Amino acid sequence: MGSSSSSLNNVPDGQQLMQETGFSAAHLLRLYERFKFLDKDNRGHLRSEDFEAVPELSENPIGDRIVGAFFLPGQETVDFSSFVRVLAHFRPTEKNRTRAGAQPEPANSRNRKLKFAFRLYDRDRDGKISRTELLQVLREMLGMQVTEEQLQSIADRAIQEADLDKDDAISFDEFRKSLEKVNIDHKMSIRFLE
Amino acid sequence: MEDFWAGVLWAIRIWLYLILSLIMIPAMFGFSLGISETYMTILVKTLEWAALNIQKANAEDVKVRAAASNGLIQREDGSMEKELEELRRSRPKPPVGGDFTLSDCFYFTRRGIESIVDDEVTQRFTSEELVSWNLLTRTHNDFQYISLKLTLVYGLGIFVRYCILAPLRITLACIGLTWLVIGTSAVGFLPNCRVKFWLSEWVHVMCYRICARGLSATIHYHNRENRPKKGGICVANHTSPIDIVILCNDGCYAMVGQIHGGLMGIVQRAMVRSCPHVWFERSEMKDRHLVTKRLKDHVNDKTKLPILIFPEGTCINNTSVMMFKKGSFEIGATIYPVAIKYDPKFGDAFWNSSKYSMVSYLLRMMTSWALVCNVWYLPAMHQEEGEDAVQFANRVKSAIAHQGGLVDLQWDGGLKRAKVKDSFKEQQQKKYSSMVVGDDSSSNSD
C-alpha cells in the first residue's frame, strides 16, 4: 500500500471530489472500494439492480426511493462522482465553519440535508409536496398495514399541521419550519469511523 | 533422446518414492516426521518479518486499513421505536390522525444510506480483508514497491508455491482420492462385521489425512472430549468443501448430500460401499419429509456414524455465522456443535462459488502458503422443553459463533443468490405502522 495521495490517484476526479464533498482521502478511497464492490459486473457505474443486491436496503420500506435519489432525472446509471455527491449530504455538519460568501453551500449543511429529505417526498420536483405525493410515501412506509381511510386521515393531519399558506401542499419553507426543532445533523448524518 | 526420457522416468520414480516415504506413510499411520512443522515455523517467521517491514514503510496506511476492516461507519443500534421517539420529541402527540411526522422518513433514509455504504451481509460472501499483506499476489490490491528484500522474498514465495509445493500437493491429492475410491470399494466386499467397520474407518481417515497433507493443513483440535458420538448429528459452520477434510481427519462421519455425476459421483458411490452415508437423488432433496425420515432412520440406528451437516446451506467467508436452517434441528437427535475458524494469514479458505469453480478453487488452495485452522468441539446440545426448532438452531448458532470468534448474524446465507423476501419489508412496515396508528391498525394476517 503506498502513501494516501498515490492511492487516491486511482479514484476518478479524486482531488476535485475531496474539495467538493469534504470527504478525507481515506474515506473517499473506502467509498470508492465500496462503489467497486457494489459494481459487480465491473462496468464503472451502478444500476438500480446493483443497489437491490444489498439485503438491508431491500427490507427498507422506502428503499426504492432512496436508491432513486442517486440517479439524476432521466439517467439510468450512477457514476462514482454522483455516488459520492449524494453521500456527501450525510457527512456530519461542521460546527465552526465560516465560509466566504462566494463559496457554494456545503453538501452537508442543515439546509442541504433538509432539501435532500424534501426531494424524497417531492418526487416530481415541483417544489411542493402535494397530497398525492404524501399519500404515496405513506403507503410505502406503512404498506398494507393501514386502511385507505386511515391513510387519508394521517395525510390530512400532516398537511394541516405544516401547511401555513393553505394551498393543500407543503412547500420547502413550510417543510423546514415544521422541522425547525429537530436535530437534523444528528438524525441525517452518518458517522464515519476514523 | 532415449537417455533423456530414461532420466525423466528415473526422476519421477525418485520423486514418488520420496513422497511415499516422507509424507504418505506417516500420514497413513498418523505420526509426523516434523517436515510440515519446520515448514510452518519458517513460514510464520517470514510472514512476521514481512508484516514488520511493510508496517515500517507505510505506518499511516496500515492504520487506515486496520480501522477500515472493522467497518466504515458507526452504526446506530437504536431501535426504530427509540429513534422515532427522539425525532418526535419536539411536538406533542396529536389526538387524531395518527402519529406521523415529516421527520419520520429521516430514520429510514439514514438506515438506507448506511446500508448502501456498509452492510453486514454482502461482505460475508467475499473473502475477508487482511490487515497486513501476506505475500500472496491475490491478496494485494495495488502493488507498491517497498523494498528489494521484500520483493525478493515475494518472488521466492511465488517460485516455491507454484513450482515446488503445488505439484507436490496435486500429486498427494490425486493419490488420496484414488486410494479413497479403491480402498472403500475393496472394504465394501467384506461382509458386515467388526473388522469391516474398523477397516472402513481406517481407510477413510487415512485418505483424509493424505488429502490434508495435500493442502499443507495444520489443524488444531480443541476439547476433543466433546467429539461427536454415534447416533448424533454434528453441525458446523461452512466455509468451503475442505471443511469435510478438516473434520474427517479426526473421526469418521456419515455425509449427507446430493449425488453428483462425474468424479464426485464416483467418490460418493465408492464411499457408500464401505459405510453408510446418506446420499439423495436430486428429486428426493425437494421432499422434506423424505429427507427428515431418512436422517431420522440413520440417527436412530446406533451403529451408524454421526451425520455431518452444515446448516447454513452455503459457504460463508468465515467472519460470521449465518442463519441455520432448521431441518437438522427437527430430528430430535443430540446435536454436537463444532466451530471451525481458519487463519486467513496463510491462505484464504473461503470458496466464492460465484467467482471460482471447484477446480480453480482447489488450485488456489494448493498454491497458498498453507491452511491453518482451529476446530473446537462444543458440548452436546439437546432441544429443550418448549423450544422450537428455530430457537434451538439459533442457540446452537450462537454457541458456535461465540466459540469461533465469529459474528452471529440472523440473515439467511441464501441471500448470496436470492433476493430478500418481501416479508422482511412487511415486518418493517408493521413495526412502523404500530408507531403511527397504534394497535388499531388493520394488519393483515400473515
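When DSSP beta bridges are restricted to pairs lying wholly in chain B, around 20% turn out antiparallel.
Please give the peptides A:184-193, B:193-202 ranked by average Cβ packing (other Cβ atoms within 10 Å per residue), highest first, as a rough proxy for protection.
Details: A:184-193: 18.5, B:193-202: 14.3.
Highest-to-lowest ranking by the protection proxy: A:184-193, B:193-202.
Note on region B:256-363: Rg/Rh from C-alpha atoms, Kirkwood Rh, equals 0.98. What is the angle, in °, between the Cα long axis of helix B:389-404 and the longest principal axis of the Cα atoms in chain B? Nearest 10 is fine, range 0 to 90. With rounding to tens, the tilt is 60 degrees.
Over 28 Å apart at the Cα level, from the set B:LYS326/B:LYS430; B:LYS341/B:LYS416; A:LYS40/B:LYS431; B:LYS56/B:LYS355; B:LYS345/B:LYS416; B:LYS293/B:LYS355, are A:LYS40/B:LYS431; B:LYS56/B:LYS355; B:LYS293/B:LYS355. Taken residue by residue and averaged, Cβ atoms of other chains lying within 10 Å of the Cβ of A:137-150 number 6. Among B:ILE42, B:ILE233, B:ILE158, the residue with the largest mean-square fluctuation in a Gaussian network model of chain B, with springs joining Cα atoms closer than 10 Å, is B:ILE42. Along the axis of the charge dipole computed for region B:153-267 (Cβ charges of +1 for Lys and Arg, -1 for Asp and Glu, origin at the Cα centre), the listed residues B:LEU263, B:ILE182, B:ALA166 are led at the positive end by B:ILE182.
Under a Gaussian network description of chain B, with springs only between Cα atoms under 10 Å, the residue in B:TRP411, B:TRP351, B:TRP376 that fluctuates furthest is B:TRP411.
Of all DSSP-defined beta bridges confined to the protein assembly as shown, some 35% are antiparallel rather than parallel. Taking every Cα-Cα distance in chain B and sorting them into 10 Å bins starting at zero, the pair-distance distribution P(r) comes out as 4, 16, 25, 23, 16, 10, 4, 1, 0, 0, 0 percent.
Legend: P(r) of region B:177-275 from all alpha carbon pair distances, 10 Å bins from 0, whole percents, reading 14, 46, 35, 5.
The Rg/Rh ratio for chain A is 1.00, where Rg is the radius of gyration of the alpha carbons and Rh is the Kirkwood radius.
Peptide A:173-182 has a mean of 3 when you count, residue by residue, the C-beta atoms of other protein chains within 10 Å of its C-beta.
State, as an integer percentage, the relative contact order of chain B based on alpha-carbon contacts under 8 Å between residues 6 or more apart. Show your work: numbers first, answer last.
Details: 561 pairs, mean separation 82.3, N = 446.
Rounded, it is 18 percent for chain B.
Springs join every pair of Cα atoms under 10 Å in this Gaussian network model of chain B, and among B:LYS397, B:LYS341, B:LYS355 the largest mean-square fluctuation is at B:LYS355.
Each 20 Å bin from zero holds the following percent of Cα-Cα pairs in the protein assembly as shown: 16, 41, 31, 11, 1, 0.
Please report the relative contact order for region B:170-316, taking Cα pairs under 8 Å with a sequence separation of at least 6, and give it as a percent rounded to a whole number. Relative contact order of region B:170-316: 35 percent. Each Cα pair under 8 Å and six or more residues apart adds its separation to the average, and for region A:59-194 the resulting relative contact order is 28 percent. According to the Cα-based calculation, Rg over Rh for region B:325-446 is 1.10, with Rh computed by the Kirkwood formula.
Laboratory data are not the source of any read-out in this text; all were calculated from the coordinates shown. In this text, all values refer to a predicted model and were calculated from it rather than measured experimentally. Neighbour counts are summed over all protein chains in view; Cβ atoms, including those assigned to glycine, are modelled from backbone coordinates with ideal geometry.
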